[in-house]
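What follows is one structure encoded as C-alpha cells, with my remarks underneath.
The values are calculated or read from the model by the stated rules, or taken from the named source; none is laboratory data. Here the structure is a predicted model, which means the values were calculated and not measured. Quick reminder, even Gly has a Cβ in these numbers, built from the backbone with ideal geometry, and neighbours come from all protein chains shown.
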Amino acid sequence: ITPGNLKIPASNLTASLAGQAAGIIAYQRSGQPGQDNASFFIRGVTTFGYKRDPLILIDNVELTANDLARLQVDDIASFVILKDASATALYGARGANGVILVSTKEGKEGSAKINFRSEYSMSQSTSTLELVDPLQYMDLYNEASLTRDPKLPLPFPQTKINNTRATMEGAPGSNEYVYPAVDWLDMLFKDRASTQRNNISVSGGGATAKYYVAGSYNIDNGVLKTDIRNNNDNNVNFKNYQLRSNVNINLTKTTEMIVRLSGTFSEYNGPITADGSFASDLYNVAMHASPVLFPAYYPADAANARANHILFGNVGGPEGTSSNSIRYPSGNPYAQLLRGHKNFSESRMSAQLELNQDFGFITEGLKLRGIFNTNRYSYFDSQLSYSPYFYSATGYDKLTNEYSLTWLNPRNNVPNNVPTEYLVYNRNEPNANSFYYLQGALDYNKQLGDHNINTTFIGTMQQTLYSSALDPRTQTTTLPYSLPFRNLGLAGRATYSYKSKYFAEVNFGYNGSERFSEEHRYGFFPTFGVSWVASNEGFWNPNGIVNRLKIRASHGLVGNDAIGSQRFFYLSDVNLNGGNFAQFGINNQNQLNGVTIRSYANSNITWETSRQTNLAAEVTFLKNLNIIAEVFKNHRYDILRERNIPATEGFETSVSTNLGVVDSEGLDLSADYK
C-alpha cells in the first residue's frame, strides 16, 4: 500500500485500511474519538478461536492495533500486507491470520529538510434518524396503548396534548416546564465535530550518520454540547502526542547501527456511561427519552432559590411522589450529560537498537543483523461524578402560571439515586506492561551466472510482563498471569531463481510456546512456493497488449498459539480457598472453605494450524493497467473448542480441546491504472 493513500480526514490510521488492498476487511463500530479503532481482518475471519486479527509488526516489532491506529502516516516509509502462507511463514506463531508490516522513515544524505503539515477539518453524519414531533409521539403512544387494552385510560389526555401544542407554538400563557416538548438530540448534540492534525519532521545527514526526527499533535473533538450550568467540559476530547527519532550511524564501512526511539501519549476526556465503559451511550439515552414527560431542568423557584445544584426534571414513581422515588433515574439525557466525566491516560515508550553487519570481506553476500527492542506501556483511568437532584412540577395553577417543585430523590441510601452537590472520585487499577524483543538474522545471497540463491535464518525471543497479573476469565489477580509471557521462534527461507524467469521458495517456522505441554510445545510449519514470469521468456512480445505476466502458487502450514485465555493449558487451576465451605466444632464455630477447580490440566491441547493454498496471476496491460487476481483456500483445524459435557459426569468446569475446523476460500482481485 502506498503510504500516501492512507491519508484521510481522520486521526485513526486503521480507519483508512478499507479498500486499500484486496482481501482486507475493515469496519468501524464507532466514530467516537478515542474509541474509533476499526476492526480489520485479512481474507475475512477464518477462525472462531481466540485471536482473529493479523499480526502487526512496526519496524519488525510486534505491537497492538491501538499502536497502529495512532501511527502517523507522515512517518511511514512502507506499508505491506502479507496474506499467503509462503509470505507469513517467517513471522512465527501468530502469522496464521496474516501479517501487516510497517517501516518508519529514515534519514537520507543531504542538508536538513523540514516538513510541516497542519490540517483542520470538520465532519458530520451523512444521515441521522428523524423522530416524530412531541404531538405525534403522544398520539402514537395513545394509539399503541388503546390497541393493547381499550379499557385503560389513555397515557396522554387531550388536555396534555393541547397544552403541549401551546408550548411548541409559544402561545401566551403556555408553560414549557409543566408541559414540556424537548428535542433531546438538538439539546445534546452539535451538527459537526472538529479535528486538528499537526505533524513536523526534520531529516538529513551525511556519509557517517543520517537522522529522521518527527513530532505530531492531534486533537479530536466529539459532537456533544457544553453547558454553562456545569463547569465540567463533558464533550469528548481526545489528544495524541507523538515523538519519533530514527538515527542511522555507519560505524565502519561494513557496520551500521540504527537507534529508534519513539513515544506515544494519549489523553481522553468524555462523558460518563451507564455501563462504565468509554463508549458514550448518550445518543441511545436521548433516542429513548420521552420528549413530553419532563423538561431537561427547572429554573429555581422560591423554595430552591439557594440550591447549589441543577434542578433536573424527572417523574415520580408509580406509587406516588410521597415515596420520593424516581421512575426514570437514568432517563434524563441532560442529567446524564452533565453529571460528570471520565478520562484516561495512555502511553507507550519504545527504544530499539539495530546492528547490520556486512560480511562481504569473508564471503560476498553474507550479512548479519540483530534487533533489540524494549518498550513500556502504561494506562490509567478515573472519573469525577455526582448524583443529580431530580424534581417534578406539581400544583400547577394555570391562571397564575405557577407551580411548585417536588424533590424526587430517595433520602435513604439507594445507590446512584442519593443526590450530591460534590464530585466523587473513582478509579480503576492502573495497567502497565513491559516488553522485550530480541531478533537475530543471517542472510546469504549468491549469484552464480544465471542462477541466484538466497537464504535467510531468523531467531526470535520475546517476553511480556503484565503488572495487573489479571486472569481475563475471572478478572482476579492470579499467580500464573504474574509470570512473564515468553515465546521462541526459529524461521528459515531459501529461494532460487533462474534468469529471473523461474522462482522456487521453501520456508519453515519452528516455533515454541510455553502454553502447551512438552509434547506439543514446539510446532514445525513448512511452506513452499513457485512462480514463473512468462513475460521474460524469449517468445514473449513485451510491446504487445500484455506486457507482463507472472503466475505464482504457494502451499503450506502456519501455526497459532493464541487460542484461548487460559495461561497454561497443561496445568490445572485450582482455588484452595473457594467453593462450598464446611463448619465443625462446638456450635459449628469453625469454618473452612472448600476447593474450586477453575480449569483441568490438558496436556493434549496443541497449536491451531492453518493449511493455506494460494494461486495468483499478475498481469500488466498496455504498460499502465496492472491486475492481480488470487484464488485462495484456507483449511483451519485444531481450533480450541469447549466441549459440552453433562453435569452428571462430575466435572466442576468446562473442558476444552482442539476440535474446531473452519474452511474458507475466495478470490482477491485488484486493479490499478497509472
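Residue-by-condition table, conditions (1) crowded, with 20+ Cβ neighbours inside 10 Å; (2) part of a strand (DSSP E or B); (3) in contact (Cβ under 8 Å) with a residue 40 or more places away in the chain; (4) not basic (Lys, Arg):
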site	(1), (2), (3), (4)
Asn541	no, no, no, yes
Gly544	no, no, no, yes
Leu549	no, yes, yes, yes
Leu557	yes, yes, yes, yes
Arg567	yes, no, yes, no
Tyr570	no, no, yes, yes
Gly578	no, no, no, yes
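Total residues in region 329-347 satisfying the condition of being buried (at least 22 other Cβ atoms within 10 Å of the Cβ) and either closer than 30 Å to Asn60 by Cβ or not basic (Lys, Arg) (or both): the figure is 8.
If only residues of region 563-606 that are of a type in the set (Val, Ile, Thr) and farther than 18 Å from Thr477 by Cα are counted, the one that is farthest from the chain's Cα centre (by Cα) is Ile586.
Anything in region 472-482 that is touching a residue at least 60 places away in the same chain (Cβ under 8 Å) and out of contact with any Asp or Glu (no Cβ under 8 Å at 6 or more places or on another chain)? List them, or say none.
Correct list: Pro472, Arg473, Thr474.
Close Cβ contacts (under 8 Å, 6 or more residues apart or on different chains) running from residues in region 94-122 that are more than 21 Å from Ala69 (Cα to Cα) to residues that are at pLDDT below 95 and of a type in the set (D, E, K, R) comprise Ala96/Glu608; Ala96/Arg636; Asn115/Asp74.
Of the residues making up region 136-163, those that are in contact with a Ser or Thr (Cβ under 9 Å, 6 or more places away or on another chain) and hydroxyl-bearing (Ser, Thr, Tyr) are Tyr137, Tyr141.
When the strands (runs of 3 or more DSSP E) confined to region 54-158 are screened for residues that are of a type in the set (D, E, K, R), those reaching at least 2 such residues are found at 110-123.
Okay, residues lined up against (1) β-branched (Val, Ile, Thr); (2) in contact with a helix residue (DSSP H, G or I) (Cβ under 7 Å, 6 or more places away or on another chain); (3) free of Cβ contacts under 8 Å to residues at least 60 places away in the same chain:
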residue: Ala335; (1), (2), (3): no, no, yes
residue: Lys342; (1), (2), (3): no, no, no
residue: Met349; (1), (2), (3): no, no, no
residue: Gln357; (1), (2), (3): no, no, no
residue: Ile362; (1), (2), (3): yes, no, yes
residue: Phe372; (1), (2), (3): no, no, no
residue: Tyr379; (1), (2), (3): no, no, yes
residue: Leu384; (1), (2), (3): no, no, no
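I need a count of the residues in region 223-258 that are among the β-branched types (Val, Ile, Thr), at pLDDT 90 or above and more than 31 Å from the chain's Cα centre (by Cα).
4
Scanning region 149-168 for residues that are exposed (fewer than 10 other Cβ atoms within 10 Å of the Cβ) and of a type in the set (A, V, I, L, M, F, W, C) yields one hit, Leu152.
Taking each residue of region 188-217 that is at positive phi and looking for partners that are of a type in the set (A, V, I, L, M, F, W, C) and part of a strand (DSSP E or B) with beta-carbon atoms closer than 6 Å, six or more apart or interchain, yields Gly204/Ala112. Against the test of being out of contact with any helix residue (DSSP H, G or I) (no Cβ under 7 Å at 6 or more places or on another chain), of a type in the set (S, T, N, Q) and surrounded by 17 or more Cβ atoms within 10 Å (Cβ to Cβ), the options Thr474, Thr456 yield a single qualifying residue, Thr456.
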